[in-house]
1. Can you list the GluC sites (Glu not before Pro) in region 90-164 that are in a DSSP coil and have 16 or fewer other beta carbons within 10 angstrom?
2. What FRET efficiency, computed as 1/(1 + (r/R0)^6) with R0 = 51 Å and r the Cβ-Cβ distance, is obtained for residue 138 and residue 44, rounded to the nearest 0.05?
3. Work through the residues other than residue 187 whose Cβ is under 14 Å from its Cβ and net out their charges, Lys, Arg +1 and Asp, Glu -1.
4. Under 16 Å Cα-Cα from residue 73, which aspartates and glutamates qualify once same-chain neighbours fewer than 8 residues away are excluded?
5. Given a 1.4 Å probe, how much area per residue of the chain is accessible, in Å²?
6. Count the net charge of all other residues whose Cβ sits under 15 Å from the Cβ of residue 248, scoring Lys and Arg as +1 and Asp and Glu as -1.
7. Can you give me the % of accessible surface on the chain that is carbon or sulfur? Probe 1.4 Å, all protein chains present, nothing else counted.
8. Which chymotrypsin sites (Phe, Trp or Tyr not before Pro) from region 217-264 combine a DSSP loop assignment with at most 14 other Cβ atoms within 10 Å?
Amino acid sequence: MKIGIISFAHMHAQAYAHYLSEHPDVELTAIWDEDVSRGSDMAEKYTCQYYSDLHVFLQTDIEAVVICSENVKHKEHIFAAAHEKKHILCEKPIATEIEDAKDIIAVCKEEGVRLQVAYPVRFSPVIQKVKHMIQSNELGEVLAINGTNHGQMPGGWFIDKELSGGGAAIDHIVHLMDIIRWMLKDEVSTIYAELDTRFHEVDVEDYGIVTLKLESGVIVSIDPSWSRPNTFPTWGDVTLEIIGTKGNLSIDVFKQHALLYDDTNKKVQQLPWSSDMDQGLIHDFISCLKEGSSPSITGEDGLRTLEVVQAAYQSADTNQVVTLNRVSL
């Protein structure tokens, strides 16, 4: 199976390229990037062909694409790939606007291509174990969840709202909301959010707290802040505190690591040794294509998490609780 990558703008692109390159059933054969220097460098690194023309790239014999462009460009690139009958794995968020997400889902359905959204945290062994515990009633009725997805400020296009659609909220809320929806099989009812810029001199929010009530009555709080300093030994975290009627559960998704004190490079680093969730995501996408099955993380999953983000922005702007009215597909 031949696969191509559309853009290395997103930092996850190199991990995806690595796992595509080492998969026994896949050839990474083509890369398109509007940044000629970056695209050429990546094509050389992964021993494949670089294309500066997206149309020519999509005319090749690749069967699928992995899209890692800037958030606001996802719709354009998904439409182009779908019209050429290429299956799609798209970096999160699916889009920056709800109507764009709806259009994306519609065009992939019309063209008969599979669309998967990149939420790799689902493939963490820890999260998969937690999902099993919740659904087998080991915690009893879940009453509340406190989650964090802290990170370092990524810079670049991530802090340009015209390209990213926002700051820390759109960057980090979606990961936690996806795994909460997935584990609890529940949807958001109401949202209250406080968002601000406190840590960095940037034009988007880098700080916040989001409080949610799910339709089942579960209360959720999420801290998506870019609050990790540059000296922190890894990019950030994903943590959950789950309160149930039979017990409480504390989860640190990246707890399994060795700590390297590196005098040569004058830094301390966390070196994870657990299974790589990006590898799990790529293997799942390839299995979906080989088996002709429906994606495990759908376009609708991407839409529902985006709805939560947009409702959080609305709440922060108005200082009001927002009732989430999910759009129909």
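1. Those satisfying the criteria are 97, 138, 141.
2. That gives a FRET efficiency of 0.55.
3. Within the 14 Å Cβ shell, the charges total -1.
4. 33, 34, 35, 53, 91, 97, 99, 100, 103, 160, 162, 171
5. Accessible surface, normalised per residue, equals 44 Å².
6. -3
7. Using a 1.4 Å probe with all protein chains present, the chain comes out at 47 percent carbon and sulfur.
8. Qualifying residues, ordered by number: 235.
The values are calculated or read from the model by the stated rules, or taken from the named source; none is laboratory data. As the structure is a prediction and not an experimental result, all values here were calculated from the model. Positions of Cβ are generated from backbone atoms using ideal geometry, with glycine treated the same way; all protein chains shown enter the neighbour counts. Heavy atoms of the whole protein, side chains included, go into the accessibility calculation; ligands, DNA and RNA do not. Shrake-Rupley method; radii C 1.70, N 1.55, O 1.52, S 1.80 Å.
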